[in-house]
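Colleague: This structure is in structure tokens; I'll ask about it shortly.
The values are calculated or read from the model by the stated rules, or taken from the named source; none is laboratory data. Predicted model, so just to flag it, every value in this text is computed and none were measured. When we count neighbours, we look across all protein chains shown, and the Cβ atoms used for this are built from the backbone with ideal geometry, even at glycine. Ligands, DNA and RNA are stripped out before the accessible areas are found, and what is left, the full protein with its side chains, is counted by its heavy atoms. Shrake-Rupley method; radii C 1.70, N 1.55, O 1.52, S 1.80 Å.
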Amino acid sequence: MLKNSGLRFSSEREKLLQHIFISAEGICFFNPDQSVAFYNGLFLLYRNTISKDPDINHILTLEAFRPVLEFVISATGENYYEYTIKTSGRDFLLRLNRFEDCSFETVLNDISIQEKTRKIKREMTGNIAHELRTPVTSIRGFWKQFLIHHL
């Protein structure tokens, strides 16, 4: 029975690892002592975009990851934290989940395209509003002059 439980556990662990490896998010797990326990290839790719430091174990000493370290060592009682890292013309959303044993995971997503789309929409909305205000102001002025002269 113990052997059967061990096989099931091993099988479930393999499924989880496969899921993490093919995830569309960069995932990194940290031990309670803040050392790196495990990461997938996408996390490494994103981390290399953020910093050229070749040692993954120095990640929490990088300026871009300073908020992670500050959150982890804080005693706020919160278990979730997120912020955006802006570097090299790219935007990365970093989410952190802290676990009961003080280990934690970070999840990185490249949100550069979404941020550019959001910026373009905001600029376009501003431009449209400006373009509509100009003729409306002209029409109001015309009607005001018309009413003044004809009443």
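Colleague: Condition first: open to solvent by 40 Å² or more (accessible area, probe 1.4 Å) and either among the hydroxyl-bearing types (Ser, Thr, Tyr) or in contact (Cβ under 8 Å) with a residue 12 or more places away in the chain (or both). Now tell me which residues in the stretch 51-60 satisfy that.
Modeller: Of everything in the stretch 51-60, just one residue is open to solvent by 40 Å² or more (accessible area, probe 1.4 Å) and either among the hydroxyl-bearing types (Ser, Thr, Tyr) or in contact (Cβ under 8 Å) with a residue 12 or more places away in the chain (or both), namely Asn57.
Colleague: Of everything in the stretch 26-55, what is over 16 Å from Phe104 (Cα atoms) and not β-branched (Val, Ile, Thr)? Give them in sequence order. I'd like the intermediate steps shown before the answer.
Modeller: Restricting attention to the stretch 26-55, the residues satisfying the condition of being over 16 Å from Phe104 (Cα atoms) are 41-42, 44-55.
Of everything in the stretch 26-55, those that are over 16 Å from Phe104 (Cα atoms) and not β-branched (Val, Ile, Thr) turn out to be Gly41, Leu42, Leu44, Leu45, Tyr46, Arg47, Asn48, Ser51, Lys52, Asp53, Pro54, Asp55.
Every residue, every condition in (1) open to solvent by 70 Å² or more (accessible area, probe 1.4 Å); (2) at pLDDT below 85; (3) touching a strand residue (DSSP E or B) at 6+ places or on another chain (Cβ under 7 Å), yes or no:
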| position | (1), (2), (3) |
| --- | --- |
| Leu7 | yes, yes, no |
| Phe21 | yes, yes, no |
| Leu44 | no, no, no |
| Ser88 | yes, yes, no |
| Asp91 | no, no, yes |
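Colleague: Could you grab me the full set of residues in the stretch 25-50 that are in contact (Cβ under 8 Å) with a residue 24 or more places away in the chain and among the small types (Gly, Ala, Ser)?
Modeller: Across the stretch 25-50, the qualifying residues are Gly26, Ala37.
Colleague: Pick out the one residue from Glu63, Glu123, Glu70, Glu105 that is at pLDDT 75 or above, more than 30 Å from Ser23 (Cβ to Cβ) and surrounded by 10 or more Cβ atoms within 10 Å (Cβ to Cβ). Please lay out each step first, then the result.
Modeller: Working: Glu63 fails: more than 30 Å from Ser23 (Cβ to Cβ); Glu70 fails: more than 30 Å from Ser23 (Cβ to Cβ); Glu105 fails: more than 30 Å from Ser23 (Cβ to Cβ).
Answer to the check: Glu123.
Colleague: Then there is this: Name the pairs whose Cβ atoms lie under 7 Å apart, with the first residue in the stretch 84-103 and under 16 Å from Asp33 (Cβ atoms), the second assigned to a loop (DSSP other than H, G, I, E, B), and 6 or more positions between them or separate chains?
Modeller: Short answer, once both residue conditions are applied: Arg98/Asn79; Asp101/Pro32; Cys102/Pro32; Ser103/Asn31; Ser103/Pro32.
Colleague: Among all residue pairs at least 6 apart or on different chains, which show Cβ distances below 6 Å where the first residue, located in the stretch 1-21, is among the β-branched types (Val, Ile, Thr) and the second is modelled with pLDDT of 75 or more and surrounded by 10 or more Cβ atoms within 10 Å (Cβ to Cβ)?
Modeller: Ile20/Ile27; Ile20/Asn40
Colleague: Which strands (runs of 3 or more DSSP E) sit wholly inside the stretch 16-105 and have at least 3 residues that are of a type in the set (Val, Ile, Thr) and on the phi < 0 side of the Ramachandran plot? Talk me through it step by step, then tell me what you get.
Modeller: On the way: elements: 26-30, 36-39, 80-87, 90-98.
Once the strands (runs of 3 or more DSSP E) in the stretch 16-105 are filtered for at least 3 residues that are of a type in the set (Val, Ile, Thr) and on the phi < 0 side of the Ramachandran plot, what remains is 80-87.
Colleague: Something else now. Within the stretch 74-86, track down each residue that is under 16 Å from the mean Cα position of the chain (by Cα) and open to solvent by 80 Å² or more (accessible area, probe 1.4 Å).
Modeller: We begin by selecting, within the stretch 74-86, every residue under 16 Å from the mean Cα position of the chain (by Cα); these are 80-86.
Scanning the stretch 74-86 gives Tyr80, Glu82, Lys86.
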